[in-house]
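The values are calculated or read from the model by the stated rules, or taken from the named source; none is laboratory data. All figures in this text were calculated on a predicted structure; none of them were measured in a lab. Cβ coordinates were reconstructed from backbone atoms using ideal geometry, including for glycine residues, and neighbour counts include every protein chain displayed. Each accessible area value is taken on the protein alone, full model and side chains, heavy atoms only, with ligands, DNA and RNA left out. Shrake-Rupley method; radii C 1.70, N 1.55, O 1.52, S 1.80 Å.
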Amino acid sequence: KAGVTQTPRYLIKTRGQQVTLSCSPISGHRSVSWYQQTPGQGLQFLFEYFSETQRNKGNFPGRFSGRQFSNSRSEMNVSTLELGDSALYLCASSSSTGGDTEAFFGQGTRLTVV
Amino acid sequence: QKEVEQNSGPLSVPEGAIASLNCTYSDRGSQSFFWYRQYSGKSPELIMFIYSNGDKEDGRFTAQLNKASQYVSLLIRDSQPSDSATYLCAVKLSSASKIIFGSGTRLSIRP
């Protein structure tokens with residue numbers, strides 16, 4: 001059974017640009033959660049999608065958005081990039097919403113904003 | 001008060017000893033608790049999932065949950081150098097139905 005797949009693995013962008021990250025969950029999983037990980041702040045919850053609907057949202061500005069497709073694949077978009085957006089972005093896949101079951105992480109996308 | 005609190009460490013334990021990692025949480029209604037292991041430069045890997053009071057054992061790992069004290073711990077028996085990593089405690093909040101992570105405890109197993 002394939003795991004959670006995130007693409008791309010590495011990205012370098014310039015301030016002001018926008019970026020789109022992709023996450024394909026484990027087959028059969030309908031929930032995808034996104035997290036930002038930085039050395040100073042740890043793992044911060046961005047949002048969760050379940051059956052194409054955003055179920056929960058963390059405390060991030062509106063520049064961070066996401067969506068989920070009918071095949072459960074999810075994308076995360078960050079517009080008007082800032083230097084502080086440099087981080088490891090992780091998505092986690094689970095079979096149900098809201099943390100009732102285990103969540104499994106992808107390898108992450110390392111975003112560097114210069 | 002942070003929603004999920006862990007001692008950042010580093011916690012240094014001799015090889016073969018028991019490593020004890022602790023986590024407290026603020027949401028009394030929380031029902032699901034997770035322990036993840038994260039090696040440097042890698043993504044978190046699920047080790048344990050516990051939702052009932054008491055102990056849950058899986059190989060060398062034991063998770064202990066005490067909801068009355070809002071406390072969850074992870075014991076690693078017969079610690080190996082390969083156990084050196086950051087251990088993240090995660091809690092499903094009852095109020096927001098999402099998983100929140102602690103900042104992690106860095107564990108170092110010395111030979």
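Things to note:
- For the protein assembly as shown, size of Cβ-based charge dipole, Lys and Arg +1, Asp and Glu -1, in debye: 460 debye
- Counting, for every residue in A:52-65, the Cβ atoms of other protein chains within 10 Å of its Cβ and taking the mean gives 1.
- Selected from B:99, B:76, B:50 as most flexible by GNM, with chain B as the system and alpha-carbon contacts under 10 Å: B:99
- Close amide H pairs (under 5 Å, H built 1.01 Å from N) link residue A:86 with A:113, residues at least 5 positions away or on another chain.
- Take B:24-30, A:91-97 and order them by the average number of nearby Cβ atoms within 10 Å per residue, most first; the result is A:91-97, B:24-30.
- Other protein chain C-beta atoms within 10 Å of residue C-beta, averaged over B:44-54: 2.
- Inter-part distance where the stretch A:1-66 and the stretch B:1-23 are each reduced to a Cα centre, Å: 28 Å
- Charge dipole of the protein assembly as shown about the Cα centre (unit charges at C-beta), most positive-ward option of A:66, B:12, A:27: A:66
- Buried accessible surface for the A/B chain pair comes to about 1500 Å², total over both chains, computed with a 1.4 Å probe.
- Per-residue HN-Hα couplings for the stretch A:19-35 [Karplus 6.51, -1.76, 1.60; θ = phi - 60°; Hz; x = Gly/Pro]: 9, 10, 10, 10, 9, 10, x, 4, 4, x, 7, 10, 10, 10, 10, 10, 9
- Net length available on complete extension from residue B:27 to residue B:39 is 1.5 nm, with 0.36 nm assigned per residue and the Cα-Cα distance removed.
- 14 Å tail of the calculated P(r), the stretch B:63-111, as % of Cα pairs: 62 percent
- Set of lysines with alpha-carbon distance to residue B:2 below 30 Å, sequence-local pairs under 8 removed: A:57, B:42, B:56, B:67, B:92, B:98
- The stretch A:1-26 residues near the modelled residue A:79 label - backbone nitrogen below 19 Å, point 7 Å along Cα→Cβ: A:13-22
- Fluctuation leader among A:62, A:28, A:40 - chain A, Gaussian network, Cα springs under 10 angstrom: A:40
- Each residue, residue A:41 and residue A:7, gets one label point 7 Å from its Cα in the Cβ direction; the gap between the two is 2.8 nm.
- Around the amide H of residue B:107, modelled in the peptide plane, lie the amide H atoms of B:11, B:85, B:86, B:87, all under 5 Å away and 5 or more residues distant in sequence or on another chain.
- A simple rule links phi to the HN-Hα coupling: the Karplus curve 6.51 cos²θ - 1.76 cosθ + 1.60 with θ = phi - 60°, which for the stretch B:56-64 gives 10, 10, 8, x, 7, 9, 10, 9, 10 Hz, with x for Gly and Pro.
- Low-density loop positions, GluC sites (Glu not before Pro), the stretch B:1-74 - DSSP coil, at most 13 other Cβ in 10 Å: B:15
- Partner shielding of A:36-43 amounts to 4, given as the average count of beta-carbon atoms from other chains within 10 Å of each residue beta-carbon.
- Heavy-atom accessible surface of the stretch B:4-111, averaged per residue, reaches 44 Å², computed with a 1.4 Å probe.
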